[in-house]
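These notes are about the structure you will find just below.
What follows draws every value from the coordinates through simple rules; no lab data is involved. Computed from a predicted model, the values in this text were never measured in an experiment. Using ideal geometry, Cβ is built from the backbone for each residue, glycine included, and neighbour counts are taken over all protein chains shown.
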Amino acid sequence: MKKILLFALLIIAQSFYGQDKVVKKPEYVLLINNEISTKEKLEEYGANGYVKSMNKGVSEKEREELVKKFGDKIGDKEFVITVALFTEEEKKENEKRINSQPIEAKKSVAQPEEYILKVNDKAKDFTLKLVDGKEVKLSDLKGKIVLVNFWATWCAPCLMEFYDIPSKILEPNKANDFVFLAISKGESQEKVMKKVEKLRKDGIDFNYGIDPNEKIWNEYGMNSIPKNFLIDQEGVIRFVATGNAPGNLENIVAEINKLLPNK
């Protein structure tokens, strides 16, 4: 739960304090026991062991109910974080359960594997269908630097990352042999296109592709998204990154610059 709490605080902080060079980013709405609250209050509850569960995003039906209650304070469903708290009695029982566990059970579990292809691996070739009907074949991009990004319409950290990519990555590299491919993982063209239309209205416009059967994804990564693979001019993976923690895009920028001539 501490890791989940820390991750939630990071993504909330990004929406509150992130740079808005292109357009204003969406902000996370934080609901604690079905009431709008703040990240400071979440930190307080977390420090005192009251956080029972935490979920990013709500269903369309849940969002409609929230809009009835809170009006336009509720944004897109993927930017809603709901937190449930323990009652005093539940908190005591939970603490007893944790304290009764053997030391081995309290140790953190190993982190899950995230990558099928890793740094210095040859990138697997693929043909990506873009939402506008065109196709892009990775092997045809040899000689260019390619950043492959796996995302999904329901993934709030993915969407938050998109709001920074134009200013931090695309604009500085518009005169370079650089290509950005955003691949939606496991979603239909219709669903992706609906989200893309909204993103384009916000000025977030680049090569959106679909991987509805996860054929490309299953050659590259596992588990969490967003996931980025930086591929050099010879088709070799030079950098990989998962998530949208502060500094991730800056790390990608630094790795791109290493691949550019005269840098």
*asked:* List pairs: first residue in the stretch 243-263 and basic (Lys, Arg), second residue surrounded by 12 or more Cβ atoms within 10 Å (Cβ to Cβ) and part of a helix (DSSP H, G or I) anywhere in the structure, Cβ distance under 6 angstrom, at least six positions apart or on different chains.
replied: Lys263/Asn257
*Across the stretch 29-63, what is the total count of residues that are of a type in the set (Gly, Ala, Ser), outside any loop (DSSP other than H, G, I, E, B) and either under 20 Å from the mean Cα position of the chain (by Cα) or under 21 Å from Glu78 (Cβ atoms) (or both)?*
1
_Residue in the stretch 161-194 that is surrounded by the most Cβ atoms within 10 Å (Cβ to Cβ), counting only those that are more than 20 Å from the chain's Cα centre (by Cα) and assigned to a helix (DSSP H, G or I)_ = Asn173
_For the stretch 211-235, which positions are touching a Leu at 6+ places or on another chain (Cβ under 8 Å) and in a strand (DSSP E or B)?_
Asp211, Gly221, Asn228, Phe229, Leu230, Ile231
*Does Leu147 qualify as being part of a strand (DSSP E or B) and more than 19 Å from Glu250 (Cβ to Cβ)?*
no
*closer than 26 Å to Ala254 by Cα, surrounded by fewer than 19 Cβ atoms within 10 Å (Cβ to Cβ) and of a type outside the set (A, V, I, L, M, F, W, C): does that describe Lys137?*
yes
*Filtered residues of the stretch 236-247 (kept if crowded, with 18+ Cβ neighbours inside 10 Å and outside any strand (DSSP E or B))*: Asn244
